[in-house]
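Novice: Mind looking over this structure? Questions follow.
FYI, it's all coordinate maths here, none of it is from the lab. Everything numeric here is computed off the predicted structure, so don't read it as measured data. Virtual Cβ from ideal backbone geometry, glycine too; neighbours counted across all protein chains shown.
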Amino acid sequence: MNPSESQQNLLANEARAPSVQSLNPPSDYSLGPVEKHFLLSAERGDCATVKRLLEENKDHPEILNINCVDPLNRSALIAAIENENVELIRLLLDLGIQVKDALLHAIKEEYVEAVEILLEWEEKIHEPGQPYSWEAVDRSSSNFTPDITPLILAAHKNNYEILKILLDRGATLPTPHDARCGCDECVTSSEQDSLRHSQARINAYRALTSPSLIALSSRDPLLTAFELSWELRRLSHMEQEFRFEYNEMREQTQNFATALLDHARTSLELEVMLNYNPHGENWEPGERQTLDRLKLAIKYKQKQFVAHPNVQQLLAAIWYDGLPGFRRKSMIGQFIEIGKLGAMFPVYSTIYMLSPTSPMGLFMKKPFVKFICHSSSYAFFLMLLGMASQRIEYLVIELFGNAWMHEILAGWKRRERGCIPGFVESGVIIYVISLVIGEMRSLWSDGLLEYISDLWNIVDFVQNMFYVIWLMLRVTAWIVVQREYWNGLDPWYPRDQWHAFDPMLLSEGAFAAGMIFSFLKLVHIFSVNPHLGPLQISLGRMIIDIIKFFFIYTLVLFAFGCGMNQLMWYYADLEKQKCYHMKDFPDLPDFDNQEKACSIWRRFANLFETSQSLFWASFGMVDLMSFDLTGIKSFTRFWALLMFGSYSVINVIVLLNMLIAMMSNSYQIISERADTEWKFARSHLWMSYFEDGDTVPPPFNMVPTGKTFSRIIKCGKTGRQTRSLIKKSREKALARHDTVMRLLIRRYVTAEQRKRDEFGITEDDVMEIRQDISTLRYELIDILRQNGMRTPTLDKQDAALSGKKGRVMERRLQKDFQIGIVEGIVNAVIQSEKEPKDVFSQIAKAIGRKSSGSKKKDWNAMVRKNTFVKDPIGSTTEATMKQTRRSIRRHLQTQNSDLASLDPNRLVDYNPNLLEVSPTTRIAYAKFMIGRARPVPEQKEEGEIINICSNKVEAS
């Protein structure tokens, strides 16, 4: 199809009015006595009686319709399926009962034998191009939506055996389209019925997430579960209306992936599961573990999978490799061991740079040793930052320096503007350069998307940006000072005379911000500790809550800031004039004489200052004296105080308490699953040290190692495997992985089936025994009767169904229970055609009717007049009359062919009394009877009706 044709089709679809599906009301069908006997016999499992009734009434469908249903829309076939009566199912199929959606009911009841029988029957009677039996059912009365297929329903029930039968027969599952799909099928379906379109996608995904379906149809169940979980997470954010359903399905897939780990019995099976990568390097047992599948689990946030004890045991074994017995030492012994490793990190780093393959160099590559060395290096960096913040050079010289050192210190202080970095700051600069190099390597190796997916990488990026800005501004300040010096100016003047945006001041601000981020990075390292790790997770969640809260808080702050600034700006300007009143020094404030004016004029000077004042007012830093401005009027002060009080109530009582509630809720959520969250965060940190690169910590990573030189020398001489060897290796890895997964799936399915079989006796088991006993009873009676023996005659009580459910079903059949509204209540209230057509509208009209005169109304009389007589339980006579109406309506429906034809000759066959009247009167009588709802039991009334119709015709 060319683009023009496709565009025309889309335009045609848009121009076409959306189709409105017809709503068919449920039929109010009344069962006859033979049909009631038939359904009760089917419920009892009395095959002989069912067969006898069908044979006796074979030519009388108006007496016994084999497809009749009970008040709950259950046919005899569905009753046989629910009672698991195979003989009755076969009998009803042989006698020609309509299958309809019986296959779906059998799958719902998880009755495997019935499913096999109905599948064979469906294959036998189905004609190509025609809908299947369950597709041709009237959807208004069906128990299943149109998108439900046998495979989807079996997947919903998670029945492994039925799924295996359907998949072996070649049943397929439709792949759900993307939520944003714009194909013609999705657009048309969404326009016709958007709710049905969304529910069809939910049902398809609910089937796809079935553990039994994944186990049967996927060669790599773990990968399938991970990808499905991630897709459902995306859909839960896109379709907020069905978030609960998508999250429930996502949890089901995560539980399935985690359950597979329970059945790993050896370390080899676990390693094969976690190291398999169909597209990357192949892992062989005994090699360094790549853990590609575990990395994928961390990427897809499979927290339960990663926190599983089997996975954690494997990770702990890799983490503490090279330190045997470390975990068995006491806490003091572990601290001593960690202290020795941390103090030796320069030695380990130097040895690794010179000889990476030496025993000490290989020891440096162990994950735990690498972590201790990196942590020690970072602790040394933080020590340098602390020394720089306290100006350690100045303190040392002031405490321990001699006279000429004090002179040097005085020169440093005098030439502070644009000075070169000191000894400590030089060490910080070296560390900053090495940290930036390390982040650039990480960004290059991981890629941009993978890099920004970790929030701690974003923290490192912001930290390094502040340090780079600090260095650039320090260089700018030195250039500015040198330029002023070469121009003959004195650039070294006191700090209080510097410009507000001097590059030196800006650099100090950037350095202070970078220092804060550097110390906060310690929180990430604390995730290794089992006590501080959960607190770190809670802190991260609370920061997210604070960010969400500040969106609302900023809106409130901006709103009140605009209002109060518009109200107070003039009087704040008067206070500013009082503060800066000195003519000789117009830019200097007069704090000596106008201290109050110089303190409060900034409170409401502009929008920025007003917003700051309101922010600090949340912490009690602004008092009511700030509203006593020069020249302020009483109304303005009152209105400003009223606005300030309203802001305080909204901010302190409402917003701050809401923030506390949000943070408490987040902490409660984390505390409930603290172990899982902490293990997932710790595993993420551990995995970063399992990689082969980044062995030496900063600042040693700036120096090329012997490994780097060896790579340069071997450039072009790499001993890569040939394609044939890579293919053979991948085939071997695939066969090993498939073997392990088949074992795990077999154990998983066996365990699930054992769980289903381990529960005790249930109500279904008791009902099955009752059904077998009842069937045997009636079969024996039928056999004895056929052999000429005397058999007992069962009365109604003896033939009653056993059990509570059976008695309820029998009562519903005998009492003509119907699901629908009760006729007659509305007619008891409505008085004429012009009045409302329901009780509530009538009452509302009576109450809301406007007065037409000035005369006082008697409300008691009006209520008595517009209220029908109370009858909470009704009467037997009324129930009998309604049942008679339904029976006559059914009688009219069976003979409506003669009435609906409006043929005068056929109407005489319907009622011989019409022979005495004219054909026009017969047609009028037929139209009257078709629309008639009341019964006509006596012949006398029919004669009266005919006379009335004749009179109407003559009058017209």
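Novice: Tally Lys/Arg at +1 and Asp/Glu at -1 over every other residue whose Cβ is under 14 Å from the Cβ of Gly533; what's the total?
Specialist: On the way: positive: Lys303, Arg541, Arg673, Lys679, Arg682; negative: Asp675, Glu677.
Local charge sum for Gly533: +3.
Novice: For region 278-350, just the Cα atoms, rotate onto the principal axes and tell me the three extents in Å, largest first.
Specialist: Its Cα atoms span 42, 30, 23 Å along the three principal axes.
Novice: Evaluate the Kirkwood expression for the hydrodynamic radius of region 528-669, namely the inverse of the mean inverse distance over all pairs of different C-alpha atoms, and round to one decimal in Å.
Specialist: On the way: mean 1/r = 0.0576 Å⁻¹.
Roughly 17.4 Å, rounded to one decimal.
Novice: Based only on Cα atoms, what mean projected area does the convex hull of region 76-136 have, in nm²?
Specialist: Numbers: hull surface 14.8 nm².
With every direction weighted equally, the projected area is 3.7 nm².
Novice: Of Lys303/Lys329; Lys365/Lys521; Lys576/Lys596, which pairs sit farther than 21 Å apart, going by alpha carbon to alpha carbon?
Specialist: Working: Lys303/Lys329 30 Å; Lys365/Lys521 23 Å; Lys576/Lys596 10 Å.
Beyond 21 Å between Cα atoms: Lys303/Lys329; Lys365/Lys521.
Novice: Using 1/(1 + (r/R0)^6) with R0 = 25 angstrom and r between the beta carbons of Lys164 and Ile125, what's the FRET efficiency to the nearest 0.05? Walk me through the numbers before you get to the answer.
Specialist: Numbers: r = 24 Å, r/R0 = 0.95.
Calculated transfer efficiency: 0.55.
Novice: Between Ser142 and Ala751, how many nm apart are label points set 7 Å from Cα along the C-beta direction?
Specialist: Result: 3.8 nm between the two label points.
Novice: How high is the FRET efficiency between Phe461 and Lys295 when r is their beta carbon distance and R₀ equals 22 Å, given to the nearest 0.05?
Specialist: Details: r = 22 Å, r/R0 = 0.98.
With a Förster radius of 22 Å, E is 0.55.
Novice: Would you please state which residues of region 580-616 a label at Leu656 would reach in this model, taking the label point 7 Å out along Cα→Cβ and a backbone N cut-off of under 18 Å?
Specialist: Within reach of a label on Leu656, which here means backbone N under 18 Å from a point 7 Å along Cα→Cβ, region 580-616 contributes 611-616.
Novice: How many percent of Cα pairs in region 41-147 exceed 21 Å?
Specialist: Values: 1914 of 5671 pairs.
In whole percent, the share of Cα-Cα pairs in region 41-147 beyond 21 Å is 34.
Novice: Within a Cβ distance under 14 Å of Val462, other residues only, what is the Lys/Arg minus Asp/Glu net charge?
Specialist: Numbers: positive: Lys521; negative: Glu439, Asp454, Asp460.
Around Val462, the surrounding residues sum to -2.
Novice: Related question: FRET efficiency for Glu185 and Ser445, Cβ-Cβ distance as r, R0 = 25 Å, nearest 0.05? Don't skip to the end; give the middle numbers.
Specialist: Numbers: r = 43 Å, r/R0 = 1.71.
With a Förster radius of 25 Å, E is 0.05.
Novice: How many nm separate the modelled label positions at Leu780 and Lys548, each set 7 Å beyond the Cα in the direction of the Cβ?
Specialist: Rounded to a tenth, the inter-label distance reads 6.7 nm.
Novice: Please work out how much length the chain gains when fully extended from Phe363 to Glu916, using 0.36 nm per residue of separation minus the C-alpha to C-alpha distance, in nm with one decimal.
Specialist: Details: separation 553, 0.36 × 553 = 199.08 nm, distance 11.71 nm.
Going from the current span to full extension adds 187.4 nm.
Novice: Give me the base-10 log of I(q)/I(0) for region 317-429 at each q in 0.21 Å⁻¹, Debye formula, one uniform scatterer per Cα, rounded to two decimals.
Specialist: At q = 0.21 Å⁻¹ the computed log10 ratios are -1.10.
Novice: With all pairs of different alpha carbon atoms counted, what Kirkwood hydrodynamic radius in Å does region 192-289 show?
Specialist: Working: mean 1/r = 0.0658 Å⁻¹.
Roughly 15.2 Å, rounded to one decimal.
Novice: State the Kirkwood hydrodynamic radius of region 116-234 in Å, one decimal place, computed from all pairs of distinct Cα atoms. Don't jump to the answer; show the numbers that get you there.
Specialist: Numbers: mean 1/r = 0.0629 Å⁻¹.
Answer for region 116-234: a Kirkwood hydrodynamic radius of 15.9 Å.
Novice: Extension gain Lys36-Phe558, at 0.36 nm per residue separation less the Cα-Cα distance, in nm?
Specialist: Numbers: separation 522, 0.36 × 522 = 187.92 nm, distance 7.42 nm.
Stretched out fully, the Lys36 to Phe558 stretch lengthens by 180.5 nm.
Novice: For region 360-411, evaluate the Debye formula with one uniform point scatterer on each Cα (no solvent term) and list log10 I(q)/I(0) at q = 0.23, 0.30 Å⁻¹, rounded to two decimals.
Specialist: These q points yield log10 I(q)/I(0) values of -0.83, -1.01.
Novice: So how far apart, in nm, are the two label points at Arg483 and Tyr394 if each is 7 Å from Cα heading toward Cβ?
Specialist: Here the answer is 2.7 nm between the modelled labels.
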